[in-house]
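Notes follow once the structure below has been shown.
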């Protein structure tokens, strides 16, 4: 069965400023769309389903996917502004916690993001017989409706920001997350999510949701992997061997996630060998993004 990779949600544009609020760069952004972008660069067939504004910013964001061959026929153009993530770079050494990400314009102080419910909830009939890998970083009811309407699916969730789940009830989160096959968390989300779902450890979380793979990233300290090998739940901690001085940390986690998603899609089993090999590939992808301004590697670098 042919494999395809899709994402669903609001299309986002990244605007990157220096510390004096000079615009340095603008390009498509959003974790799930960065993942789709990366997978398209890897040669995978990718499809975008969602909503975008009918403005210049929306055109940039959609074209950033389209020029790589991502199918954007499922993107609805709305009479509204495109969602913009404003990223302000510090005037000192780059660290994960000193790059400002905001849904408010640093120029006008206006809100630059509004969720939309005007997006497709069904796959086109011509994709019904494909093996579908759904990539999501937001967990709205319309995203859940879309998931529930897709057959032959594996759901891969990148839970990267508290703000995308903190307002939901335990019952709703469990109903959403029980669809997941692969989940990636990080140090900023893991504790609140454990508390919300009333679990005490990564193994308990893994078992509760019946996952194939759980990854918890720790920045420069590496990642924790939880998986089931022949019915035994195992945990492996990995630390990268090579570290670099970052130009911009935006998108490094997305590069890591998309590499693991691709390897997961083509793997017959998840075991220690899979973790070791894929961890090296994923860290190489992350290093390439860390040396680049913005959350995506330039197409002409491949």
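The overall shape of region 3-111 is oblate: from the C-alpha gyration tensor, with semi-axes ordered a ≥ b ≥ c, the ratio a/c is 1.5 or greater and a/b is no larger than b/c.
Build a GNM of the chain with springs between Cα atoms under 10 Å apart, and of 76, 88, 233 the one that fluctuates most is 233. Nearest-5 percent of antiparallel DSSP beta bridges in region 93-224? Bridges in region 93-224 are about 20 percent antiparallel.
Dividing the mean sequence gap of close Cα pairs (under 8 Å, 6+ apart) by how many residues the chain holds gives a relative contact order of 16 percent. What shape does the chain take by its C-alpha gyration tensor, where a ≥ b ≥ c are the square roots of the eigenvalues and a/c under 1.5 counts as rounded, a/b above b/c as prolate, and the rest as oblate? Rounded is the answer for the chain, as its axis ratio a/c remains below 1.5. Rounded to the nearest 5, the antiparallel percentage of DSSP beta bridges internal to region 3-301 is 40%.
The Cα center of region 126-188 and the Cα center of region 49-65 differ in position by 22 Å.
We did not get these values from a lab; they are worked out from the coordinates using the rules stated. Small disclaimer: the values here were computed from a predicted structure and weren't measured.
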